[in-house]
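Every number here is computed from the coordinates shown, using simple stated rules; none is lab data. Just so it is clear, the structure is predicted and the values come from calculations on it, not from any experiment. Here the Cβ positions follow ideal geometry from the backbone for every residue, glycine too, while neighbour counts run over all protein chains shown.
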């Protein structure tokens, strides 16, 4: 078989089971593609020895007839996941040299299912960003370009390396994490599929924390079937994360029938933003038509507190980040600043954190510190948490009225050029997450499915939002949308 | 609410991040942009609304209060920037 790195998870799994290829062959094809793609800066720590060891072990398991879903399939792991003995630094200078003595639950479950880790993937520092431009490793670059224009584009963020790697066929799939849209926005920018499951589906243990009440891991894959396969391997209760749900994990792949007859799909009027590009508006309407043609009932709905989601998020997420990132003090792990004669412990903290954290991380930690400080806690933090209750209630009300899923655009635009947002104020960058952040605040599952190209030839995605714990049903609706949209475009290879 | 340079300096101090004096005006201005955006929350009627504690209604699991882990001093110290004689080493704390 040729071009093994271009396969998806399901195709490769089936080929392995039929004996048409081996995990070692798949892994070698990916390692070769990775070495030829340094221009994308997607893989920032390559682990070829680990990959080939795991591939050989997987081939033995397959021969022995013991082949779980992910067995022998080469994937990339976002740098936010702690991986034993392998640098795991959340794309931050402050974790330079950090090699965990333990493995995150999600990456361990994937390894137990036989998946082959190819290396660690670029991202925004501590997952704070929407363009992968805050990384200590430098920008990840999208494999997509605007026609013949060679301006480097963002793969989105924060899971930018994961998105670039999957879209460029450097791996079969990758892990991502999503706090405000960090799986779904990069997936939409690069023409791949990404799902953030219900809060509590995946264990957060061993994943570097950003905002603990919002963070969830999920798969980034080449299609919806692959997302179902990989999500199932990532999910499940973990005693080490008290917020992980002790609920059975269904066979998500078996739920992909494509039959959505009678499903009620809501179109929220508040997501029709002023100044929304006509192409996005058309894509959204086309998506609704596709679901209608597949037998779903399309209904107009209202989520009245939508416009307050981003401001609430930019109180809650920085507040939690300022608390979580307090652990980076130059004492227990990572980098410590050079100290001057006579410097005490306070100078050590202040200098270490000033040189270890990048600009965006410092800004969010300080905003979080401010909104939690005496005198402002009620005005900002408690108010934001009350608004969050109302945002969640908006969703509960429409689900109670019989809506099965909600269709929205995934992003307010196609991918922009690296550096193009540098001059804008931080709030402009935050607007990238306007359609995705509500889902994190409400703890719901959301999936981004590639649905078309804009006039520059760049991918656009649609988002489906599901009921809590009903990822299987959501994936099935996404599967119907994917079948109808028939998105097959791939970036032309220039790297 | 507008943040001046002395408030910005105070926040930096609370966050234990060293910010040079000449960087304070830009920092204060960024804070004001972000806080201006957040001010929108004041438009929402939150009378009688409970602040969210947990997004998924679930009872946290309990376990016996016993030691389940430990005896891994070497592993815990393996990533320390400065470890000596089995301890994390830091600059002098007490005069």
- For A:154, A:177, A:306, what's the fewest-to-most ordering of other Cβ within 10 Å of each Cβ? A:306, A:177, A:154
- Item | Largest-first principal axis extents, alpha carbons of chain A, Å | 69, 53, 50
- Query: According to a simple spin-label model (label point 7 Å from Cα along Cα-to-Cβ), what is the distance in nm between residue A:6 and residue B:74?
  - Reply: 4.9 nm
- Task: Along Cα→Cβ, 7 Å out, is where each label goes; now give me the distance between the ones at residue B:92 and residue A:420 in nm to one decimal.
- Result: 5.6 nm
- When B:24, A:418, B:60, A:474 are ordered from fewest to most other Cβ atoms inside 10 Å of their Cβ, what list results? B:60, B:24, A:418, A:474
- Whole-Å distance, taken between Cα centres, linking segment A:77-120 and segment A:460-483: 28 Å
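Please compute the average number of Cβ atoms from other chains found within 10 Å of each residue's Cβ in peptide B:71-79. Could you put the intermediate results ahead of the total?
Numbers: counts 0, 2, 0, 1, 3, 3, 2, 5, 9.
That works out to 3 on average.
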- At q = 0.16, 0.17, 0.24 Å⁻¹, work out log10 I(q)/I(0) for segment A:393-493 with the Debye formula, treating every Cα as an identical point scatterer and leaving solvent out; two decimals please. -0.80, -0.88, -1.26
- Least to most buried among A:274, A:25, A:125 (fewest other Cβ within 10 Å first): A:274, A:25, A:125
- Order by protection proxy (mean Cβ within 10 Å, highest first), peptides A:404-410, A:232-238: A:404-410, A:232-238
- Message: Please compute, for peptide A:307-319, the average count of beta-carbon atoms on other protein chains lying within 10 Å of each residue's beta-carbon.
- Response: 3
- Query: Using the beta-carbon distance between residue A:289 and residue A:212 and R0 = 45 Å, what value does 1/(1 + (r/R0)^6) give for FRET efficiency, to the nearest 0.05?
  - Reply: 0.70
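Counting only DSSP beta bridges with both residues in chain A, tell me the antiparallel percent, nearest 5.
Rounded to the nearest five, the antiparallel share is 70 percent.
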- Nearest 10, in degrees from 0 to 90: the angle of helix B:24-38 to the longest Cα principal axis of chain B is 70 degrees
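On average, how many beta carbons from a partner chain sit within 10 Å of the beta carbon of a residue in A:190-200? Walk me through the intermediate numbers first.
Working: counts 0, 0, 0, 0, 0, 0, 0, 0, 2, 3, 4.
Going residue by residue through A:190-200 and averaging, the value is 1.
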- Task: Measure nothing fancy, just the Cα-based angle from helix B:5-14's long axis to the longest principal axis of chain B, in degrees from 0 to 90, nearest 10.
- Result: 20 degrees
- Geometric extent, Cα atoms of segment A:99-147 - Rg, Dmax (angstrom): 14.5, 45
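Just order A:322-335, B:73-86 by mean Cβ neighbour count inside 10 Å, highest at the front, would you?
A:322-335, B:73-86
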- In nanometres, what is the gap between the two model label sites at residue A:148 and residue A:99, each 7 Å from Cα along Cα-to-Cβ? 4.9 nm
- Please give the peptides A:162-171, B:43-52 ranked by average Cβ packing (other Cβ atoms within 10 Å per residue), highest first, as a rough proxy for protection. A:162-171, B:43-52
